[in-house]
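Beneath this line is the structure, given in structure tokens, with notes to follow.
What follows is calculated from the coordinates using simple rules that are stated; it is not laboratory data. This one's a predicted model, so the numbers in the text were calculated from it and none came from an experiment. All Cβ positions, glycine included, derive from the backbone under ideal geometry; neighbour counts span all protein chains shown.
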Amino acid sequence: MSTQQITGKSTTPFHISAGWQATPYSLVFLLFFLIPLGLIVMVSFWEFNEYEMIPTFTWHSYFSIFEGCSRLNDYGDLCVTLKTYGSTLRISLLVWVITLLLGFTVAYFLAFCVRTTSMQTMLFVLCTVPFWTSNVIRMISWIPLLGRNGLVNQFLVGSGLVQQPVEWLLFSEFSVVLAFVHLYTMFMIVPIFNSMMRIDRSLIEASTDAGATAWQTLWNVIIPLSRTGIIIGSIFVITIVMGDFVTIGVMGGQQIASVGKIIQVQTSFLQFPLAAANAVILLLVVLMIIWGLTRLVDIRKEL
């Protein structure tokens with residue numbers, strides 16, 4: 001019988017409380033998230049001119065962002081800020097719907113149609129192959145395909161389907177959405193696949209034995225039990241797309257407006273308080289979306 005069993009006490013030389021164990025992670029969170037975020041909020045209230053920032057408290061940047069948004073302009077349109085947020089939300093919604101359909105389909109195939117674990121692993125690794133290269137390289141690879149003289153237009157013109165090259169295939173909202181789907185569908189596949197692998201297969205057998213069709217089983221059993229993975233994947237995709245400016249700049253030909261692109265342009269012109277104010281507003285919008293999604297399911301059960 002060991003000394004620990006005789007005395008009923010732990011033989012470890014010292015005991016570290018949970019608070020001290022979490023200290024390193026708390027410091028990382030403080031240094032790399034809270035402090036930079038606090039600096040952005042602080043700078044958003046500063047004044048600026050053509051060559052310097054003035055550390056004083058003012059709402060000037062926020063008023064500048066929403067200037068003229070209380071009414072329609074002379075052409076009956078919304079102000080630039082609201083139109084830009086509307087464009088960003090529209091693109092995010094399109095990307096979310098497409099990635100959800102593709103991600104759910106691929107995850108369902110891997111979880112329920114592939115029988116062996118080795119084959120599941122091999123196909124799952126195959127899905128990650130695009131991540132072995134840079135996002136910019138993957139975006140640029142679409143240009144020879146979708147350009148005016150690209151392979152797609154050569155095929156369409158050569159086959160007689162169109163009389164002249166299709167212009168909207170590249171440097172348009174279509175190409176931006178296509179690139180986003182290409183880049184971020186994997187962020188939807190992984191959490192949904194993880195949720196599906198946790199589903200008790202006896203529940204599906206019970207549904208089948210009760211006379212449910214495949215679609216009824218999918219709608220009433222698999223989708224509800226995969227809801228947590230769907231929400232997590234949705235948060236990943238929406239938050240990334242909302243703040244992206246590189247993809248929109250490259251695939252949109254600098255012609256598609258987005259909040260992230262505006263922030264990038266403002267920082268390039270050294271308008272840091274204005275860019276910080278836009279970043280704070282974008283953060284609040286994204287947090288509202290995340291809050292709404294997390295109301296649908298308890299994310300902590302999945303983590």
Notebook entry, point to check: What FRET efficiency would be calculated for the residue pair residue 264, residue 200, taking the C-beta separation as r and a Förster radius of 45 Å, to the nearest 0.05?
Noted result: 0.45
Check: For residue 132 and residue 296 in one chain, what is 0.36 nm times their gap in residues minus the Cα-Cα distance, to one decimal in nm?
Finding: 55.7 nm
Margin query: I'd like to verify something in the chain: which complete DSSP H helices, judged by Cα projection on the helix axis, reach 20 Å or more and average at least -0.5 on the Kyte-Doolittle scale?
Written below: 80-108, 227-243, 272-294
Checklist line | When the stretch 71-301 is reduced to its Cα atoms, the Kirkwood hydrodynamic radius in Å | finding: 20.2
Margin query: If amide hydrogens are placed 1.01 Å from N in the peptide plane, which non-local residues have theirs closer than 5 Å to the one on residue 47?
Written below: 54, 56
Check: If the chain between residue 114 and residue 167 were fully stretched, how many nm would it gain, using 0.36 nm times the residue separation less the Cα-Cα distance?
Finding: 15.0 nm
Notebook entry, point to check: Which FRET efficiency value, to the nearest 0.05, do you get for residue 57 and residue 28 by plugging their Cβ-Cβ distance into 1/(1 + (r/R0)^6) with R0 = 35 Å?
Noted result: 0.70
Check: Looking at the chain, which Cys residues are left with no other cysteine's beta carbon under 4.7 Å from theirs?
Finding: 113, 127
Margin query: Once you place label points 7 Å from the Cα toward the Cβ at residue 154 and residue 35, how far apart are they in nm?
Written below: 5.4
Note to self: Let's see if you can work this out: charge +1 on each Lys and Arg Cβ, -1 on each Asp and Glu Cβ, no other charges. What is the dipole magnitude of the chain about its Cα centre, in debye to the nearest 20?
What the structure shows: 760
Next item on the list: Grab the DSSP H runs of the chain that are 4 residues or longer, score each as -39,500 (n - 2.57), total them, divide by all residues and round the 222 nm result to the nearest 500 deg cm²/dmol.
Entry: -18000 deg cm²/dmol
Next item on the list: Using packing as a proxy for protection, rank 58-67, 237-246 so that the peptide with the highest average count of other Cβ atoms within 10 Å comes first.
Entry: 237-246, 58-67
Next item on the list: Figure the gain on full extension for residue 246 and residue 105 (residue separation times 0.36 nm, minus the Cα-Cα span) and round it to one decimal in nm.
Entry: 48.0 nm
Note to self: What distance in nm separates the two pseudo spin-label positions at residue 64 and residue 21, each 7 Å out from Cα along the beta-carbon direction?
What the structure shows: 4.9
